[in-house]
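Written out below as structure tokens is the structure these notes cover.
The values are calculated or read from the model by the stated rules, or taken from the named source; none is laboratory data. Keep in mind that this is a model prediction, so the values were computed, not measured. FYI the Cβ positions are ideal-geometry reconstructions off the backbone, even for glycines, and counts take in every protein chain you see.
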Amino acid sequence: MTSLWQQIGNWLREATGAPDSISAHELEALRSSKEKPFILDVRSSQEFKQDGHIAGATLITLSDLPNKLKQVPTDRMIVCVCRSGARSSAAYGVLKQAGYTNIRNLSGGMMGWQSANMPVTRK
């Protein structure tokens, strides 16, 4: 059952267009679940390689995203990731405008992910 505060939070997110967020710990738990989310990293290819990324993440830069929407599945949760959460919030907006509904923004981006001592790969 959804609490009144959760309902108000959902309403405010919808009214303001603010992205639904997911914490590093929540994402890590989902990564090992049966219904793995699609992790969309919207940073530059240089950041993706040099700074590392979440294993299994797909790199589509924010500037390329509008032209590469066909590479983003519609049947899974999409988790948008960038360095701090700003570009991924913009990616969230692009996806929402394109009709995607099951979207989350990684809270704190890769900085938050690393602060939570989550694994990073450079492969």
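Numbers at a glance
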| quantity | calculated |
| --- | --- |
| Leading residue by the ranking (surrounded by the most Cβ atoms within 10 Å (Cβ to Cβ)) among those in segment 31-71 that are within 12 Å of the chain's Cα centre (by Cα), in a loop (DSSP other than H, G, I, E, B) and touching a residue at least 40 places away in the same chain (Cβ under 8 Å) | Val42 |
| Condition broken by Glu28, with the remaining ones in (1) assigned to a helix (DSSP H, G or I); (2) under 11 Å from the mean Cα position of the chain (by Cα); (3) of a type in the set (D, E, K, R) satisfied | (2) |
| Pairs with Cβ under 6 Å, 6+ apart, first in segment 102-118 and farther than 15 Å from Ile39 by Cβ and of a type in the set (Phe, Trp, Tyr), second modelled with pLDDT of 95 or more and assigned to a loop (DSSP other than H, G, I, E, B) | none |
| Given (1) closer than 21 Å to Ser107 by Cα; (2) part of a loop (DSSP other than H, G, I, E, B), number of the condition Thr74 does not satisfy | (1) |
